[in-house]
Amino acid sequence: MKYKSNENYNHGDKRNIGVLLVNLGTPDAPTTRDVRKYLKEFLSDPRIVEIPKIIWWLILNLIILNIRPRKSKKLYEKIWLEDGSPLLVNSKKIIEKIKMSEDSYQKNLIIDLAMRYGNPSIKKALENFKKKNVNKISVIPMFPQYSAATTASIFDKISAELTTWRNLPDIRFLSSYHDDKNYIDACVNRIETYWGKKGKSNQLIFSFHGLPQINLFKGDPYHCYCQKTARLIAEKLNISKNEYSVTFQSRFGTQKWLQPYTDDIIENLAKSGVESIDVFCPGFLCDCLETLEEINMQSRELFFSSGGKSFNYIPALNDSDYNIKAMTEIIKNELNGWDNNNINLEKNRQETKRLYEESTENKII
């Protein structure tokens with residue numbers, strides 16, 4: 001195997017720190033072709049679908065990819081922005097605002113964005129770090145609750161790419177920040193600000209992305225992390241257990257998924273006489289297809305058709321000041337001890353350079 005070297009590297013060069021924020025991904029455009037390409041990469045990941053590979057390959061390529069892209073394309077068209085996918089647009093805004101944050105970072109810090117599926121790719125981001133002499137990388141997924149189907153898949157992809165590198169960087173990987181104080185505070189502030197402008201409804205629903213129920217039984221902590229996130233937010237909002245519900249959305253296929261299902265709860269609330277609900281999706285840092293179309297369109301229609309009177313979707317954290325402050329603090333905590341500007345590391349850099357020059361002059365290597 002041929003290992004990749006950094007053409008810009010010189011022994012003793014100053015090294016940089018990289019922070020890679022990774023979101024799930026999005027098609028490049030709301031077209032059948034681009035949606036099919038995205039879904040193929042997404043659904044081919046063994047972390048997403050854990051059934052025998054040959055069986056799933058047949059189902060995916062002969063059935064799903066011939067039907068699903070056309071349907072999904074129509075959904076993406078409903079929410080697509082002039083600048084592209086809301087998930088990508090919002091993710092970029094978050095990165096740019098973090099870079100412009102007043103908090104003083106090390107001068108040698110490079111922050112970049114990648115998608116697990118689609119563009120910008122993890123491979124491209126890592127290659128960019130290599131070109132900029134990054135030797136320490138902190139990876140932060142843009143979904144706070146760990147799941148093997150999402151967070152672990154990012155780790156898999158990064159690990160696979162790094163196996164081709166000759167000179168490996170130090171790696172820090174933040175697997176979950178579902179109970180991080182800064183993140184919880186950002187969610188609370190988002191909801192309180194919305195209530196201050198629009199008023200508070202009869203019931204608050206925390207809707208998280210679903211997973212097959214079997215994942216919980218196999219030891220995936222995602223369900224527990226979602227419950228804890230919701231509880232911590234509710235406690236800071238000072239609302240009782242009967243004032244909020246924790247639900248799971250985005251089912252796919254026929255197997256049982258984590259329950260209760262968001263659409264079931266919304267329908268039952270409306271039919272039981274609850275006239276107004278607020279829906280917030282803590283697991284999505286950025287608004288995307290699952291929040292803008294599934295919740296704010298499909299769930300809204302379901303609530304009204306079932307007898308509800310007022311449906312309010314509270315937007316995701318996106319690039320709000322609350323989220324930028326939270327992510328900035330999370331990054332700072334992850335970089336603790338990684339200050340490449342201190343005197344000792346500068347001395348080590350100079351020593352490395354001197355030893356290399358002496359070795360080449362004396363033909364030791």
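Going from the fewest other Cβ atoms within 10 Å to the most, the residues Ile239, Ile95, Ile324 appear in the order Ile239, Ile95, Ile324. In terms of other Cβ atoms within 10 Å, Phe129, Phe217, Phe173 run from fewest to most in the order Phe217, Phe173, Phe129. Of all lysines in the structure, those lying under 20 Å Cα to Cα from Lys71, and not within fewer than 8 positions of it along the same chain, are Lys37, Lys40. Rounded if a/c is under 1.5, else prolate if a/b beats b/c, else oblate: with a ≥ b ≥ c from the C-alpha gyration tensor eigenvalues square-rooted, which is region 181-314? Judged from the Cα gyration tensor, region 181-314 comes out oblate (a/c at least 1.5, b/c at or above a/b). Normalised by the number of residues in region 204-330, the mean separation of alpha-carbon contacts (under 8 Å, six or more apart) gives a relative contact order of 29 percent. For the chain, the gyration tensor built on C-alpha atoms gives a prolate shape. Its axis ratio a/c (a ≥ b ≥ c) is at least 1.5, and a/b is the larger of a/b and b/c. Other residues whose C-beta falls under 15 angstrom from the C-beta of Glu50 contribute a net charge of +1, scoring Lys and Arg +1 and Asp and Glu -1. Mean sequence separation of contacting Cα pairs (under 8 Å, at least six apart), scaled by the length of the chain, corresponds to a relative contact order of 23 percent. Summary value for region 27-78: 47 percent relative contact order, contacts being C-alpha pairs under 8 angstrom separated by 6+ residues.
Checking the cross-link pairs Lys53/Lys136; Lys92/Lys132; Lys123/Lys181; Lys73/Lys200; Lys200/Lys332 against a 25 Å limit on the alpha carbon distance flags Lys53/Lys136; Lys123/Lys181; Lys73/Lys200; Lys200/Lys332 as lying beyond it.
The long axis of helix 321-334 is offset from the longest Cα principal axis of the chain by roughly 40 degrees. Each helix, a run of at least 4 DSSP H residues, gives -39500 (n - 2.57); summed and divided by the residues of the chain, these come to -13500 deg cm²/dmol at 222 nm. As a rough footprinting exposure proxy, the listed residues Ser201, Ser101 were ranked by other beta carbons within 10 Å of their own, and the order from fewest upward is Ser101, Ser201. Quick check: net charge around Thr193, other residues with Cβ under 15 Å of its Cβ, Lys/Arg +1 and Asp/Glu -1? So the environment of Thr193 carries a net charge of +1. Where is the GNM fluctuation largest for the chain (alpha-carbon springs, 10 angstrom cutoff): Ile184, Ile67, Ile330? Of the options given, Ile67 has the highest mean-square fluctuation. Among DSSP beta bridges lying fully in the chain, give the percent that are antiparallel, nearest 5. Of the beta bridges lying entirely in the chain, close to 5 percent run antiparallel. Label sites at Trp195 and Asn119, each approximated as a point 7 angstrom past Cα along Cα to Cβ, lie 4.3 nm apart. Note down the net charge around Tyr38, summing +1 for each Lys or Arg and -1 for each Asp or Glu among other residues with Cβ under 13 Å from its Cβ. With Lys, Arg at +1 and Asp, Glu at -1, the net is +3. Peptides 155-162, 259-266 ranked from most to least packed give 259-266, 155-162, packing being the mean of other C-beta atoms within 10 angstrom over each peptide's residues. Can you give me the angle between helix 222-237 and the longest principal axis of the chain, using Cα atoms only, in degrees from 0 to 90, rounded to the nearest 10? So the helix axis and the longest Cα principal axis differ by about 70 degrees.
Laboratory data are not the source of any read-out in this text; all were calculated from the coordinates shown. Bear in mind that the values here come from a model prediction, so they are computed numbers and not experimental data. We place every Cβ from the backbone using ideal geometry, glycine too, and count neighbours over all the protein chains shown.
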